[in-house]
Amino acid sequence: MQFVQNFPFFCILLTLMCAVITSVLKGRAARRMTLFVILIVSAMNAAVMAYTLRTGESYVYMMGHFPAPWGNEIRVGVLETVTMMIFCFVILFSFLGGLPRSVRQIESTKYNIYCILVDLTLLSLLALVYTNDLFTAYVFIEINTIAAAGLVMMRQNGASLVAGVRYMIMNLLGSSLFLIGIVLLYTVTGHLLMSNIQESVAQLAATGQYHVPLTVVLALMSVGLAMKSALFPFSTWLPGAYSNSTPTASAILSSIVSKGYIFLLVKVYVRVIGFEVVRELGIFDILFVFGAIGMIMGSVNAVRAKTTRMMVAYSSVAQIGYIFTALGLGSEAGVICALWHLVAHAATKSMLFISGSELDETSGGTHLRGDLRGGFYRSPLAAAAFSLGAVNLVGIPLLSVFITKVTMAQAAIGVGGRHAAIALACLAVSTLLNAMYFLSTVLDLFTPRRDASGAKATLARVKPNGLVTLSLVGFMALNLLMGFFAQGILTAIAQGLARFA
């Protein structure tokens, strides 16, 4: 085994140690420690990604070198490393972009707790992406839930506390359903390692045994993770959680926390149960229906939203719908589309929350969409970043979400029948609604304000914080690169998925 193959385990261990050390540090030292571990984890993950892309193979790392069923495993391949690399970029730029405002919004005596929660979020995402053990995945689901709820409540005002409690209740319900599914699956198969479970499930499916229990297991896991990732109609907790937390928390929650659960769901379908078994049990059709409804209802609610953050939050419901609709097509092309949009939306939505928060602050802090008029003249960089994210989600060519819509249309046509008609119709309607609320907001940003007499109002340009500038430039570069090099990333996702089982 080459030394670089140890890096995923080192990342998990280092992040856990950082969370412990941060608990005894003051605010500035805690910030530096968290930023340090994010950078180190990003560098190590980049090295592992380069290794997997070069070799094209997946490998299993046995912790303590104990084989199953006594030992625990992580599994590393192209799909895992590419996904985690984008997650690392997102959490880095989100942490930097929200840093100035989080210092003002969080009590100085509790800032180290905030950093601990960011560390634990990164830790749980690493584990969810890399683990090959189903019960380990559940443990880190719970860590992720607690950390995310804490991030929502860190502002400690009434709205954030209510949103945090609601988030906790809904997500714990989803976790409970997932745990019951694990218990039933362990009862049937006697295994917790994913590869061992798949072998047992394949034998059971071939003989026709335990058909009903397997259906129940799959339904429980699917509903549990759908609730945690905010698939409509389980998305009632999302707008309050995203709109009342700090910019960093909003960006992290909307872009990568929910995507970690979806990645685990794909892992359950492909590596635990088996894709053909899932298709035979009919779960994909249910996901497709709710995903298609979510595409429309999320966009409708975004059109009606009064504040910028609520608009962006409701847009997340629609984009989650895109992922589940593509997954619900039940084809390899649909899964590739879902995985592509998982990372494309992660990079875009976090940029929208960070730039939107900066625009809100330079527009009087009211958060109302109408008050963003003339935002470009007060904060050009934030307006440019928000505009890039907005036109990306509308589906302008050469950008990443355009690739999503093209690949989803191709996957739907490949499946044919009613799925193709429904998917194409929902794509068209959702794109039209996206254009209504996003493009109108972009036009407002570049439209000068007028005073009561109709004269052009004098607008003071606000110089952005250096960390915010670095964050927005990084986000814009990431989104542009993902659009320009989409074919290479899609190829890597397809190759990784072929070796994912």
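The values are calculated or read from the model by the stated rules, or taken from the named source; none is laboratory data. A quick note: this is a predicted structure, and the numbers were derived from the prediction, not measured. FYI the Cβ positions are ideal-geometry reconstructions off the backbone, even for glycines, and counts take in every protein chain you see. The area values use the complete protein model at the heavy-atom level, side chains included, leaving out ligands, DNA and RNA. Shrake-Rupley method; radii C 1.70, N 1.55, O 1.52, S 1.80 Å.
For ILE169, work out the one condition from (1) of a type in the set (Val, Ile, Thr); (2) farther than 30 Å from ILE106 by Cα; (3) open to solvent by 70 Å² or more (accessible area, probe 1.4 Å) it doesn't fulfil.
So ILE169 meets the others, but not (2).
Could you say which residue among SER235, SER175, SER222 is of a type in the set (Ser, Thr, Tyr), in a helix (DSSP H, G or I) and within 24 Å of MET297 (Cα to Cα)?
None of the others qualify; the one that does is SER222.
Can GLN495 be described as more than 26 Å from ASN301 (Cβ to Cβ) and modelled with pLDDT of 90 or more?
no
Quick check on ASP371: is it open to solvent by 10 Å² or more (accessible area, probe 1.4 Å), assigned to a helix (DSSP H, G or I) and over 30 Å from VAL278 (Cβ atoms)?
yes
With (1) assigned to a helix (DSSP H, G or I); (2) modelled with pLDDT under 90; (3) buried (at least 20 other Cβ atoms within 10 Å of the Cβ) as the list, and ARG155 as the residue in question, which single condition is left unmet?
Exception for ARG155: condition (1).
Output the qualifying pairs, or none if there are none: Cβ atoms under 9 angstrom, residues six or more apart or on different chains, first residue in the range 193-215 and closer than 21 Å to LYS267 by Cβ, second residue acidic (Asp, Glu) and in a helix (DSSP H, G or I).
Qualifying pairs under 9 Å: ALA202/GLU276; ALA205/GLU276; ALA205/GLU280.
Might you check whether a residue that is at pLDDT 90 or above and surrounded by 23 or more Cβ atoms within 10 Å (Cβ to Cβ) occurs anywhere in the range 182-192?
Yes, some residue in the range 182-192 is at pLDDT 90 or above and surrounded by 23 or more Cβ atoms within 10 Å (Cβ to Cβ).
Given the criteria in a helix (DSSP H, G or I) and closer than 22 Å to PHE3 by Cβ, does MET62 qualify?
On the way: in a helix (DSSP H, G or I): no; closer than 22 Å to PHE3 by Cβ: yes.
No: the conditions fail for MET62.
Please enumerate the residues belonging to the range 389-405 that are open to solvent by 10 Å² or more (accessible area, probe 1.4 Å) and not aliphatic (A, V, I, L, M).
Within the range 389-405, GLY395, PRO397, PHE402, LYS405 meet the criteria.
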